[in-house]
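Accompanying notes for the structure given below.
We did not get these values from a lab; they are worked out from the coordinates using the rules stated. Since this is a predicted model, take the numbers as computed values, not measurements. Ideal geometry is used to build each Cβ from the backbone, glycine not excepted, and the neighbour counts take in all protein chains shown.
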Amino acid sequence: MYEASYLGAEDEQVLQQAMDFSSAHLQQSLPLLSPDVGNHVARALTLPRHLRMSRLEARNYIEEYSQVRSQMPYLLEMAKIDNAMVQSMHQKELADISR
């Protein structure tokens, strides 16, 4: 509900109330949550997922997923390889632009 409330138009009272309500309750519940979920909620309260840069969000998720016990190691490895390839591509592009 908190994330969805950011999709409203300006002066939309119902979604503003939903944002206020969910934000207040999420803030109050932070100390009661597990560290993993608490970090996820705290990050969401700072900036909703749809407003974050997708590549940085993917990197954060790779770190979170690597701590999960029921992870799929091949999926995690593929995500790390993809992230490294994209980062390498960006570094090459930056070097080309800098020249």
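For (1) loosely packed, with under 14 Cβ neighbours inside 10 Å; (2) at positive phi; (3) in a helix (DSSP H, G or I); (4) among the aromatic types (Phe, Trp, Tyr), each residue gets a yes or a no:
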| position | (1), (2), (3), (4) |
| --- | --- |
| 8 | no, no, no, no |
| 15 | no, no, yes, no |
| 21 | yes, no, yes, yes |
| 24 | yes, no, yes, no |
| 37 | yes, no, yes, no |
| 77 | yes, no, yes, no |
(request) Report, by residue number, each residue of the range 52-99 that is in contact (Cβ under 8 Å) with a residue 12 or more places away in the chain and polar (S, T, N, Q). (result) 60, 67, 83
(request) Please determine, by comparing only the residues of the range 49-69 that are under 15 Å from residue 37 (Cβ atoms) and not aromatic (Phe, Trp, Tyr), which one is farthest from the chain's Cα centre (by Cα). (result) 69
(request) Using the structure shown, decide if residue 59 is assigned to a helix (DSSP H, G or I) and either out of contact with any Gly (no Cβ under 6 Å at 6 or more places or on another chain) or loosely packed, with under 10 Cβ neighbours inside 10 Å (or both). (result) yes
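From the residues in the range 1-24 that are closer than 13 Å to residue 49 by Cα and small (Gly, Ala, Ser), which one is farthest from the chain's Cα centre (by Cα)?
Let us first name the residues in the range 1-24 that are closer than 13 Å to residue 49 by Cα, namely 1-7.
Checking the rest, the ones that are also small (Gly, Ala, Ser) come to 4-5.
Details: 4: 14, 5: 16 Å.
If we take residues in the range 1-24 being closer than 13 Å to residue 49 by Cα and small (Gly, Ala, Ser), then 5 is farthest from the chain's Cα centre (by Cα).
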